Structure formats: C-alpha cells, structure tokens
Number of protein chains: 2
Amino acid sequence: MKNINMIPAIPGTVGAIMSRQPLELSPRMRAREALARLRQVGVPQDFMSSCYVVDEEGRLLGALTLYELVAAPDCARLDQAMSAPRAVLTPEYDQEEAVRLMEAADCVELPVVDDEGKLVGTVTAEDAMEVLRDEATEDMERMAAILPSERPYLKTSVWEIYKKRVLWLLLLMVSAAFTGAIITHYETALAAQVVLTAFIPMLMDTGGNCGSQSSVTIIRGLSLGEIGYGDWWKVAWKEIQVGVLCGITLAAVNLLRLTVLDHLDLIVAIVVSLTLVVTVIVSKLLGCFLPILASRAHLDPAVMASPLITTIADGISLMVYFRIAVLLLRI
Amino acid sequence: MKNINMIPAIPGTVGAIMSRQPLELSPRMRAREALARLRQVGVPQDFMSSCYVVDEEGRLLGALTLYELVAAPDCARLDQAMSAPRAVLTPEYDQEEAVRLMEAADCVELPVVDDEGKLVGTVTAEDAMEVLRDEATEDMERMAAILPSERPYLKTSVWEIYKKRVLWLLLLMVSAAFTGAIITHYETALAAQVVLTAFIPMLMDTGGNCGSQSSVTIIRGLSLGEIGYGDWWKVAWKEIQVGVLCGITLAAVNLLRLTVLDHLDLIVAIVVSLTLVVTVIVSKLLGCFLPILASRAHLDPAVMASPLITTIADGISLMVYFRIAVLLLRI
C-alpha cells in the first residue's frame, strides 16, 4: 500500500468511504501460504470478504474471495486461483455510482485503484449500506425542498434546521408570486364568477400531486439507474398515456360530483373538468421532463421534485383554467 | 437444516429474503476440520461471510466469520473459537428492522432461527442492500401518494402505473372539496376584496412546502430509527421553534414585497403576512404529528407525507386567512 494518505477524501466519493487496508498477496504465493499470511495479519477491522493479488509495484492483478481462497487446493498458485475483479473503482468515483456498480457486478466488495492501477483500498458491503441509506435520505430531503443535512434530526439545532429549510421556502414563495399575477390578471373574470375561486385549491393540489407522482417515480428511476437520458421519449409517451387516463378519470368523477351532488351550473362544471384533464397531463409531463433535464445538466434530479413542479404546474393550470372559463362562460 | 421449506416466506419479512443454506458446523470440530468441511461444500452461491456452530438438533450455538475461522489455530475447538451471535433474527422479522439491527450490531450477516432456536438461514449484506434500496423506493412512492410497485418503471405497463396513481389522486381531489367549501363560505368577503384571491396559491403552496419539509424529515427519522414515538414532544418543540423562525422570515419578506414593491394596501399585506406565520407553524406541526401518530398506529408514516398534509394544511390556512381578513378588513 503506497501513498494512501496522499489520496484526498472528497466527500461523496469512494475515497471518503473506502477501507484503506485490503489484504495484498503476491501472484506466485500458494493458497496455503496465503492462508498463513492471513493468520499472521489477523482479523481485519472492516468486514472484508476478499483478498487481492498485486504485482511488485502494488498494481492490482486479481482478486479472490476468502471463500475461494479457503476452497482452493493447498498448492494452487494465486495467479491461477484468482479471477479478474468484476469491476474496479477509483478514489474519485461517485459513491452512489460505486454502489450501483457493485450491485450490477453482483458482488459485495470492490477494489479501488489509483491512476497507475495500484490497489489503494476497497469498498465493502458495509460501506455500501451506509451510502445507500445516506443517499436515500439526501434525495428525500431534496425532494422536500430541504438542503441535505448530515446529522440526525434530534441532534441538529433549531437554527441549523431553520437554515436548511428557509431558503427553498423563500424561493418558492417568491416564485408563487407569478401565480398570484395570473389571478390578478383575470380579476374581472373572477369578480363576475366568484364561484370559480372555490376550485382553485382543488385544481392546484391535483396538479401538484400528479406532478410529484411522476417526478418522484422518474427521480427514483434515474437514481437507481433504471431510467437513462436516452429513454426520455419512452418516459414521456408513458406519462402522456397515464396522464390521459388519470385526467379523464378525475374529470369524470369531478363532473358527476359537481352536477349531481352540488347541482352546479353545467358549464362551470365542464370548465373545471376540462381544466383538470389539461392540468393532469401537463403536470405529469413536467414531472418527467424536469428531472430528466436536470440529470442531463448534471444537476441532482431530486431538486426538481414536487415543490418546484407544483409551483410551475400551479401557474399553468390557473392559466388554462381562466382561458377555458373566459371562453366557455363568455366573461 | 430442517424443514426449511415449511417456513412461509411472507413478503416484507426476513423469511422472504434470507439465504437458506448457511454453513453449519459442530461445536466439537477443530478449526482445521472445519476448513476441510468448507472445501468439501465448496463456495456458496450467496456471499456469506460467516459459518455457524449448531448442536445436534440444529440449534444455533455461535458464529464465526470466515476470517476468524481462518485465523484460529488449527486445533482450536469451534465452541471455543466461536462467539455468540451479536443478534439473531426470526423468519417473521420485518426486513427493514432486520437491516437496522444488522447496522446496530455492526455486522454484515445475521443468523435466522426458528421458534426452537434452530438455524434456518442467514441475512447477508447483499440482502440488506436490496432491502435498503427497495424500502427507500417504497417510502418515496408512498410520500408521493403512489401505491408502491415492484417493477422498474420502464417495464411497468401504463395500466399498472395508472392504477397505482389514480386512487390517491381521487381521494385527495375529493378531500380538496372541503377547501372549496371554505372558500364558498367566505364568498361574499372574497367578492368584496377580490385581491385576496391572488394570495391563495402562495399561501397554499407555502403551507404545503412547510408541511412536506417537516413530514419528510420526521418520516425519514422514524424509518432510520433516529426518532421514536417517545420523542414526540422534543420533535414538536423543535418544529414549533423552526416554524416560528421560518414563519417570521417569510412574513417579513412578504410584507416588504407587498408594500414596497407592489404598493399594496397595508392592511391587506398584514392579513397575508399574519396568515403566513400561522400557516407555516400549523403546517410544520401537522408535518411532525401526523407521521408520528401513524407510526404509533402501526401504519406506514410515509403515507402521511406531503399530499395528505398539503390538503389539511390548505384547509387550515384558508380558514385562518379568511378569519383574519374578515377581522382586519371588516368585510
């Protein structure tokens, strides 16, 4: 192991989590000698399940799980018993990517090498579990418009929590001003038909919910590697279809409720229901496009989750609502 | 291993994910014999890192990691070399709890025993990683008001996606009717001051965002075991403080904007800003109480996330808004 302390541990990279003392063995060793070496070194602190074969310069040649080493014939030479590592990481590698690679390679430990191919550490399943947990927490926080925090909730000060939350709240509040501007623009129409106001919350909430359903699905799919940028048209087509189905269902239920239960004016009920269809489809499309675009721009797609999409969807659905209202109600 | 096929694999429990062929050794074996036995059996399919010592009836006595076995002196007896397992699972155990226990016990594999203490399987780090990933996905889906699905997005049919999403959308749409009812109730006040309508989206969105910030934080804390039911008053007190800070900040910025930039009537600006403070605090409290109550009622706290809280917060903030408006504007 050379220069391990010279490798910078950038947060979020493999360098920051890797175990720095993998067991190194030489290619010409016999299995028996290797086991003797293991005993000499003793049980490592981290849960390592593999040992690594390196050349004289410390360059990684191959790996054996401990199980494979034990099962190998006593006099088998390591360079014959070993297999090529299924995947290799570098210290600069993104942690989340590393875990995804580990799962794709179907193994529980991956070696880390430097630019010269020298073994500098390993990422174990234990490390991977921590990464999975932390990344999921971070994504959820981003989705809820909170700046990610490192410490457990009960150990974080009020001031700290405040700072993590208030920025997004301010930003979203100010951007909601444009929704207000739309309403102000149609103030005369609203004054003529105050009943229209009663449906603003329902339309806004439904748009927000549809958008967050799509965005969370897509964000998670991107983060699990199930969806890539190249799939955008497949995703969009799927979301359009789901949007049409959901929109028609909601509009039908809504139309029935407003006319049969609430005895509302049919034209008003139609205005609300038509707006619902458009809102649902638009929100679902926003919910899939924004995260994909964000990932394309190398931003974390999770920031494109519900709150931001809600704000945009609100504006669009209100605009559609008033347009349709003005058209059909002749106000 | 006895009767392993008789153990039902209930989805979500340890029984459904455990590896069913852990290596069993007898307590009077020597380390050398154990290693010979390992070779005989060959490399297992799953990534197991431990072997288990069981009595003649198959009851678990202790465990050794493979590393410990290799490091033990050749003639060490297993019942002396082994250590008591750090934690033991049963097949009925919840998967998420099992992973939490694994992390608490700081190990990468846990044995599973039946009612009689007989070893029936192990949960490995590989299984745990899958559980972590799936549970996080499920939580995110619940938070976004989607019924959890098993299959990757691109492989799920439109109809399937539709069914997972439309139920919650319908439920939330119908419950938004009560928000509409509040508006209808104050229709005359609104007709007198149409300008009030312009702030409905901003107030609703801010309430929703505040609620989802708190609920997601608390849901994640509950799911990571960082927060328990007994902490409810600590959580509530923290959220009140954060709520007051956030509320005042937002209200101040809003008041400035409305009076200085928009030259709005001061009283109207005060009505909006006061409502903001109340909305933020109420939403934050809802966001922490509902998930805690859900977890107390043995429901998944994740269903109490943003969409449901948004709907409730909407109603409350509108009620507060109109009350304050009627009071201060004498309409």
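The orientation-averaged projected area of the convex hull spanned by the Cα atoms of the protein assembly as shown comes to 32.1 nm². Mean per-residue shielding of peptide B:22-35 is 0, counting Cβ atoms of other chains within 10 Å of each Cβ.
What is the mean projected area of the alpha carbon convex hull for region A:176-329, to one decimal in square nanometres? Before the final figure, lay out each step's value.
Values: hull surface 36.2 nm².
One quarter of the hull surface, i.e. the mean projection, equals 9.1 nm².
Averaged over peptide B:64-73, the number of partner chain Cβ atoms lying within 10 Å of each residue's Cβ comes to 5.
Taking a cut-off of 28 Å between Cα atoms, list the lysines near A:Lys238, but don't count ones fewer than 8 places away on the same chain. Of all the lysines, those that pass the test against A:Lys238 - Cα under 28 Å, at least 8 places apart if same chain - are A:Lys284, B:Lys155, B:Lys163, B:Lys164. Qualifying GluC sites (Glu not before Pro) in region B:38-78, where qualification requires a DSSP coil assignment and no more than 10 other C-beta atoms within 10 Å, comprise B:Glu56, B:Glu57.
Would you mind computing Rg(Cα) / (2.2 N^0.38 Å) for region A:95-198, counting N as its residues? Each step should come with its number before you reach the end.
Numbers: Rg = 23.7 Å, N = 104, 2.2 N^0.38 = 12.8 Å.
Here the Cα radius of gyration is 1.85 times the empirical estimate.
Counting Lys and Arg as +1 and Asp and Glu as -1, what is the net charge of the other residues whose Cβ lies under 12 Å from the Cβ of A:Ile240?
Values: positive: A:Lys234, A:Lys238, A:Lys284; negative: A:Glu239.
Computed value for this residue: +2.
Taking 10 °C and 1.306 mPa s as conditions, region B:8-111 diffuses translationally at an estimated 111 µm²/s according to Stokes-Einstein applied to its Kirkwood radius (Cα pairs).
A Stokes-Einstein calculation at 4 °C with viscosity 1.567 mPa s, built on the Kirkwood radius of region A:146-230 over Cα pairs, returns a diffusion coefficient of 78 µm²/s. Each principal axis of the Cα cloud of chain B was evaluated for its coordinate range; sorted largest first, these ranges are 91, 42, 32 Å. Per-residue mean of foreign Cβ neighbours for A:167-176 is 6 (Cβ atoms of other chains, 10 Å radius).
What's the ranking of B:193-205, A:72-84 by average number of surrounding C-beta atoms within 10 Å, highest first?
Details: B:193-205: 23.4, A:72-84: 15.5.
Ranking the peptides B:193-205, A:72-84 by packing returns B:193-205, A:72-84.
Taking other C-beta atoms within 10 angstrom as a stand-in for reagent exposure, A:Val271, B:Val14 fall in the order A:Val271, B:Val14, fewest first. Between amide H atoms placed 1.01 Å from N, distances below 5 Å from B:Thr90 occur with B:Val113, all of them 5 or more places distant or on a separate chain. Averaging Cα coordinates gives a centre for region A:145-168 and one for region A:184-253; these two points are 29 Å apart.
Values in this text are rule-based calculations from the coordinates and carry no lab data. Small disclaimer: the values here were computed from a predicted structure and weren't measured. Because the Cβ atoms are built from the backbone with ideal geometry, glycine has one as well, and the counts that use them run over all protein chains shown.
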